Amino acid sequence: MSDKLRVFLRAQLSAFIGGLSDFGIYTFCYTVLKFTAPFSNVISGSLGAIVNFLINRYWSFGNTDKSISSQLWKFILVVIGSISLKSLGIYLLVHQWNLHFLLSKVIVEIIVSLGFNYTLQKYWVFKK
């Protein structure tokens, strides 16, 4: 298996693990706490991002040569952009197009995770 494919698959597994945390918290916030879908996404996305950062730094991209602070500030900017894009997408799908809140989350997660998060994490945050 090529190194590029290995890194990509590890990053996707990391995103999946972070995503499981995110989905559980998102569902809890929306169904139990009765928060709006976009606000539930902000909370769950923030907590899922912590899990994702740690896995990516130490395992997916394996870049611990740079200081954690130099990577963390970049990661935070990516997370802010990601959560903003996801919250907007979820808002449109749930409140404008009346799609189910979980289906909306899945659609938006896939698009933003592959098109935005992975690209910026690989080529900017954890670049060797």
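The values are calculated or read from the model by the stated rules, or taken from the named source; none is laboratory data. Since this is a predicted model, take the numbers as computed values, not measurements. All Cβ positions, even for glycine, are placed from backbone atoms using ideal geometry, and neighbour counts span all protein chains on display.
Could you tell me how many of the residues in segment 50-93 are over 20 Å from Phe116 (Cβ atoms), in contact (Cβ under 8 Å) with a residue 24 or more places away in the chain and assigned to a helix (DSSP H, G or I)?
Counting residues in segment 50-93 that are over 20 Å from Phe116 (Cβ atoms), in contact (Cβ under 8 Å) with a residue 24 or more places away in the chain and assigned to a helix (DSSP H, G or I) gives 1.
Filter segment 22-63 down to the residues that are farther than 18 Å from Gly81 by Cβ, of a type in the set (Gly, Ala, Ser) and surrounded by 19 or more Cβ atoms within 10 Å (Cβ to Cβ) and list them by number.
Within segment 22-63, Ala37, Ser40, Ser60 qualify.
Report every pair of residues separated by at least 6 positions or lying on different chains whose Cβ atoms are under 9 Å apart, first residue within segment 1-24 and within 16 Å of Lys122 (Cα to Cα) and among the polar types (S, T, N, Q), second in a helix (DSSP H, G or I) and at pLDDT below 85.
Once the first residue is within 16 Å of Lys122 (Cα to Cα) and among the polar types (S, T, N, Q) and sits in segment 1-24, its partners that are in a helix (DSSP H, G or I) and at pLDDT below 85 give Ser14/Val51.
Would you pick out the residues in segment 94-128 that are within 12 Å of Asn41 (Cα to Cα) and in contact (Cβ under 8 Å) with a residue 60 or more places away in the chain?
The answer is Phe101, Leu102, Ser104, Lys105, Glu109.
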